[in-house]
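To start, the structure itself, in structure tokens.
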Amino acid sequence: MAAVRDYREAEAGNAAAEAVELAKSHLVQPWPYAGSIGAEARTLVTSGDGIYLIDGDGRKLIDGPAGMWCINVGHRREELARVMYDQALELSYNTPWYTMNTPSAELSRRIAGHAPGDLNHVFYTTGGSSAVETALRFMQFYNNVRGRPEKKLVLSRGGAYHGSTYLSASLNGRPRDRDWMDAADDLVVKLSSPDPFRRPKGMSLEAFSDFLVDEFRETVKRIGADKIGCFVGEPIQASGGVIVPPKDYLKRIREICREHDILYVSDEVVTAFGRLGHVFASEDLFGIEPDMITFAKGVTSGYFPLGGVVISERLLRGLNRSNHPDAMFGHGLTYTSHPIGCAVAIANLDLLEGGILEHACEVGPYFQAKLKTLEELPLVGEVRGAGLMGCVECVADRESKDPLQLDKDVGKRIDQHCHELGLLVRPLINMCVMSPPLVITREQVDDLVAILREGISRTMDDLRKEGVWRG
């Protein structure tokens, strides 16, 4: 038996090595650097189960980022795999231009049942970027049909991440995202990031919220509401570092939008489908009823590419009553309303409603409390988050909040140590972002935080030895 095991391990090792070489020869990775584009191999993952992954070396890792905020119900869910198989045999695809399928209609009913207010209609896309792109194009179409072709500007914020398509990426406000990339800057107006940790020294949270709201109101006044089509905002800025805004800030922004007929688009690509314990967080946690909600990622728990936009009844009825009934919303995707994706999403929603949402609500506070203990470490400036999404931000010192300008890759250092210890982390410059599968247990949270603590401690030792940080 030992010989058989050794043979299988050797075969697996050979397959992993071959995959690495193939990637270096033929695979272009996302977000590459010019010096290594087309010749890069990244951490190879061979399998997953529950909250764990197995890498190319056979190492078992906690999937700290849940893929990319998306493996909400965990890896290797047989229920979802069987639905994909069954639906593929029943109907693998249909063109959405002149036919439809049952799963997309049923999923739309289920999603509308969870959406706030009168958001009763769903347009399906292939992911988050195309969902945001669809919301923006719908805003443009809506204002064209209503005779307001100048009302097209989009308000976004520093720290935002809304996608990688041309228009959605133009809204992004994270450092380094657009240093070498073009964008539709003439269509986008950027506001300040709602990051309480980076607010001016001595300013209270209440005063910071007032500042953000006043900035928004003054921007609308300066530009003119007749020029602004929509505001797009994540309830919590996810890839910007899990930025939790001040209390009631979003509600106040919503009121300004309603007052000036500016569409409010809540980007819930990350926060929807259980990440914060609810199918949608906009109303349940933040008290807002948007005009549109974008979603993706957790809608299928990453088992199939699917996204979409939930649209207000009021907006569609406004189009129905316009003087241009023949105006066409000339937008769609080959895989819009894909039957397999929609079938998987229905089964995924069954799992969420069947106890996983409740579990996420129970374990989320424990996750936050355990992560918060990492603020004991001198390299950690702040730990923040909500539900099952959290961020550890490292700084050179807490007084200046200097984000370690001498070592912008401190997050990668921590990730490398954690990888050796059994945890996959999502590093963002000087931050470590965590968003584990919603099925994580308290004991597994303990393991995750213990490994992260050790990874940060080892990184502190490295920085001291190199003279980069005195600590």
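The values are calculated or read from the model by the stated rules, or taken from the named source; none is laboratory data. Nothing here was measured: the structure is a model prediction, and the numbers come from that model. Cβ: placed from backbone, ideal geometry, glycine included. Neighbour counts: every protein chain shown.
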Check: Quick check: anything in region 307-330 closer than 19 Å to SER129 by Cβ, surrounded by 15 or more Cβ atoms within 10 Å (Cβ to Cβ) and among the polar types (S, T, N, Q)?
Finding: no
Next item on the list: Determine which member of the set ASP461, ASP446 is within 20 Å of ARG413 (Cβ to Cβ) and out of contact with any Asp or Glu (no Cβ under 6 Å at 6 or more places or on another chain).
Entry: ASP461
Check: Inside region 356-405, can you point out the residues that are at positive phi and either among the basic types (Lys, Arg) or surrounded by fewer than 20 Cβ atoms within 10 Å (Cβ to Cβ) (or both)?
Finding: LYS401
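Give the residues of region 409-445 that are of a type in the set (S, T, N, Q), crowded, with 19+ Cβ neighbours inside 10 Å and more than 15 Å from LEU371 (Cβ to Cβ), sorted by residue number. So that I can check it myself, show each step before the final result.
Initial filter on region 409-445 (of a type in the set (S, T, N, Q)): 416, 430, 435, 441, 444.
This time we only want the ones that are crowded, with 19+ Cβ neighbours inside 10 Å, so: 430, 435.
Scanning region 409-445 gives a single hit, ASN430.
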Margin query: Please go through region 331-346 and give me each residue that is buried (at least 24 other Cβ atoms within 10 Å of the Cβ) and either among the small types (Gly, Ala, Ser) or without any contact (Cβ under 8 Å) to a residue 12 or more places away in the chain (or both), ordered by number.
Written below: SER337, GLY341, ALA343, ALA345
Checklist line | Residues of region 107-138 classified as out of contact with any Lys or Arg (no Cβ under 7 Å at 6 or more places or on another chain), in a helix (DSSP H, G or I) and closer than 22 Å to ALA281 by Cα, total | finding: 16
Next item on the list: Write out, first by first residue and then by second, each pair whose Cβ atoms fall under 6 Å of each other, whose residues are 6+ apart or on separate chains, and whose first residue, in region 81-95, is assigned by TED's automatic domain parsing to the domain that holds ALA343 and part of a helix (DSSP H, G or I) while the second is at pLDDT 95 or above and among the acidic types (Asp, Glu).
Entry: none
Notebook entry, point to check: Is it true that SER47 is farther than 26 Å from GLU234 by Cβ, in a loop (DSSP other than H, G, I, E, B) and either of a type in the set (S, T, N, Q) or at pLDDT 95 or above (or both)?
Noted result: no
Next item on the list: Name the one entry in ILE71, ILE54 that is modelled with pLDDT of 95 or more, assigned to a strand (DSSP E or B) and not assigned by TED's automatic domain parsing to the domain that holds SER164.
Entry: ILE54
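Rundown of residues vs (1) surrounded by 24 or more Cβ atoms within 10 Å (Cβ to Cβ); (2) closer than 21 Å to TYR335 by Cβ; (3) not small (Gly, Ala, Ser), yes/no style:
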{"residue": "ASP261", "(1), (2), (3)": "no, no, yes"}
{"residue": "GLU268", "(1), (2), (3)": "yes, yes, yes"}
{"residue": "ALA272", "(1), (2), (3)": "yes, yes, no"}
{"residue": "GLU283", "(1), (2), (3)": "no, no, yes"}
{"residue": "GLU289", "(1), (2), (3)": "no, no, yes"}
{"residue": "GLY298", "(1), (2), (3)": "yes, yes, no"}
Margin query: Suppose we keep only residues that are surrounded by fewer than 11 Cβ atoms within 10 Å (Cβ to Cβ) and touching a Phe, Trp or Tyr at 6+ places or on another chain (Cβ under 9 Å) within region 168-218. Which one would you say is nearest to ARG398 (Cα to Cα)?
Written below: PRO200
Next item on the list: Looking only at region 134-150, decide whether some residue is buried (at least 24 other Cβ atoms within 10 Å of the Cβ) and among the polar types (S, T, N, Q).
Entry: yes
Notebook entry, point to check: Among the listed residues SER312, SER322, SER301, which satisfies the condition of being among the polar types (S, T, N, Q), modelled with pLDDT of 95 or more, closer than 30 Å to CYS257 by Cβ and outside the structural domain of CYS70 (by TED's automatic domain parsing)?
Noted result: SER312
Check: Limited to region 148-179, what total is found for residues that are in contact (Cβ under 8 Å) with a residue 24 or more places away in the chain and in a loop (DSSP other than H, G, I, E, B)?
Finding: 17
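Okay, residues lined up against (1) over 30 Å from LYS372 (Cβ atoms); (2) basic (Lys, Arg):
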{"position": "VAL188", "(1), (2)": "yes, no"}
{"position": "ASP195", "(1), (2)": "no, no"}
{"position": "GLU206", "(1), (2)": "no, no"}
{"position": "SER209", "(1), (2)": "no, no"}
{"position": "ASP214", "(1), (2)": "yes, no"}
{"position": "ARG222", "(1), (2)": "yes, yes"}
{"position": "GLU255", "(1), (2)": "yes, no"}
{"position": "ARG275", "(1), (2)": "no, yes"}
Note to self: Under 9 Å between Cβ atoms, which residue pairs at least 6 apart in sequence (or on different chains) link something in region 379-404 that is in the same structural domain as VAL439 (by TED's automatic domain parsing) with a partner that is buried (at least 23 other Cβ atoms within 10 Å of the Cβ) and of a type in the set (Asp, Glu)?
What the structure shows: VAL380/GLU393; GLY381/GLU393; GLU382/GLU393; VAL383/GLU393; ARG384/GLU393; LYS401/GLU393; PRO403/GLU393
Checklist line | Selection count where residues are outside any loop (DSSP other than H, G, I, E, B) and among the acidic types (Asp, Glu), scope region 241-293 | finding: 3
Check: In region 352-466, which strands (runs of 3 or more DSSP E) lie fully inside it and hold 1 or more residues that are at pLDDT 95 or above, closer than 18 Å to GLY240 by Cα and small (Gly, Ala, Ser)?
Finding: 380-386, 389-394
Next item on the list: Among the residues of region 381-417, write down those that are farther than 22 Å from HIS278 by Cβ, of a type in the set (A, V, I, L, M, F, W, C) and under 23 Å from the mean Cα position of the chain (by Cα).
Entry: VAL383, VAL392, CYS394, VAL410, ILE414
